[in-house]
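*Asks:* The structure's right below; bear with me while I get my questions together.
What follows draws every value from the coordinates through simple rules; no lab data is involved. In this text, all values refer to a predicted model and were calculated from it rather than measured experimentally. A quick note on method: Cβ atoms are made from the backbone with ideal geometry, for glycine too, and the neighbour counts reach across all protein chains shown.
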């Protein structure tokens, strides 16, 4: 199930996974502004990773790397399954992307087609299914 997360959160997850990072930012920011902890920091972590991917799509590598790190640092505070998503998988994929960005020459990154090139795998948010519920 959706673990009690609002519909807007799942809309943001769909936008994130569809590569609609700016729309995801707008959706989650509206939730983040109104949220209380612990959800507030959780939304912010995902939001920052979405903005990092948006920056990457515009070849702003420095902004992408900074926000990947900040978003990941926020999500590390949460259990491996939180809010109905696999937090560990988002963190693992974000770390892999950050490492790839740090180890690849900026000119080569600019030439890659985001999400289509194995050299630059983009994070996805995976929903956790609990059959017992």
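*Asks:* Can you work out the FRET efficiency for the pair residue 57 and residue 36, with r the C-beta to C-beta distance and R0 = 22 Å, to the nearest 0.05?
*Replies:* The formula returns an efficiency of 0.10 here.
*Asks:* Kindly put 126, 49 in sequence by how many other C-beta atoms sit within 10 Å of each C-beta, fewest to most.
*Replies:* Ordered by Cβ neighbours within 10 Å, fewest first: 126, 49.
*Asks:* Any idea what the relative contact order of the chain is, in percent, if you count C-alpha pairs under 8 Å spaced at least 6 apart?
*Replies:* For the chain, the relative contact order is 23 percent.
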